[in-house]
1. Using only Cα atoms, find the angle between the long axis of helix 188-198 and the longest principal axis of the chain, and express it within 0 to 90 degrees, rounded to the nearest 10.
2. Please report Rg (one decimal) and Dmax (integer) in Å for the Cα set of segment 1-120.
3. Put a dot 7 Å past each Cα toward the Cβ at residue 25 and residue 241; how far apart are the dots in nm?
4. Once you have the Cα-Cα distance between residue 6 and residue 58, take 0.36 nm times their residue separation minus that, and quote the gain in nm to one decimal.
5. So, by mean Cβ neighbours within 10 angstrom, what's the order for 54-65, 224-235, 9-20 with the highest one leading?
6. Counting DSSP beta bridges with both partners in the chain, what percentage is antiparallel, nearest 5?
7. On a C-alpha basis, how far is the centre of segment 1-48 from the centre of segment 105-126 in Å? Whole number, if you could?
8. So in segment 33-154, what percent of DSSP beta bridges are antiparallel if you round to the nearest 5?
């Protein structure tokens, strides 16, 4: 992995700040580089993520191991939300990680059990970490594709309290970078709402959110083959392989 002179300068400054801060654990050099790219040298922004990420790991017992990840992801993807994850991998054309999921297979009833909430949050951390197996993906940001047909506002995951907690606990802690979101077969009302919201966005951000996308049939017909269970297992294996790459890069990467 390569890092520019500017990114190196940012990463070293973040590293010095972390190591000089009491009660903060030292990080590996790849994470310092990751934070540098994410924050574009904004040390205060990077430190906010460092502190929140450490708190997240401590609260939810995240060990940062492939073994724990496989067990947690297997429970969430296989037992809690079977069929929700259709595909995970590296897209050669886009040169970044790509995750495809079926929004209609989520179930907010799962979140009535506190232990299950903790497991989902732990799994969400590992998915985030797997998405950024190298620094090029951090620079580019990842791509999300969502199948939305069949989504039920009453049964599925759109719940303000649930959404706020997930956004705060994981997405508000992990230094994620985002490239583009494609939402397929979204309702007309949702398309109109997003179109109105996009009017207030800068031009360079509007392309990131693509709603009302169409496909000949549901995306499941393309990804969930030969069976939904096989697709889930492939995606789980790909997530764990990406985590192995990430952890190996963390072991070998050095800021010099």
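No lab work stands behind these numbers, since they all come straight from the coordinates. Because the structure is predicted, anything quoted here is derived from the model rather than measured. Note that each Cβ is placed from the backbone with ideal geometry, even for glycine, and that neighbours are counted across all protein chains shown.
1. So the inclination is approximately 30 degrees.
2. Cα radius of gyration and Dmax of segment 1-120 are 17.8, 49 Å respectively.
3. 2.8
4. Values: separation 52, 0.36 × 52 = 18.72 nm, distance 3.19 nm.
Full extension of this stretch gives 15.5 nm more.
5. Working: 54-65: 14.2, 224-235: 15.8, 9-20: 17.5.
Sorting 54-65, 224-235, 9-20 by mean packing, highest first, produces 9-20, 224-235, 54-65.
6. So the antiparallel bridges in the chain amount to around 30 percent.
7. 30
8. Numbers: 6 of 11 bridges.
Roughly 55 percent of the DSSP beta bridges within segment 33-154 come out antiparallel.
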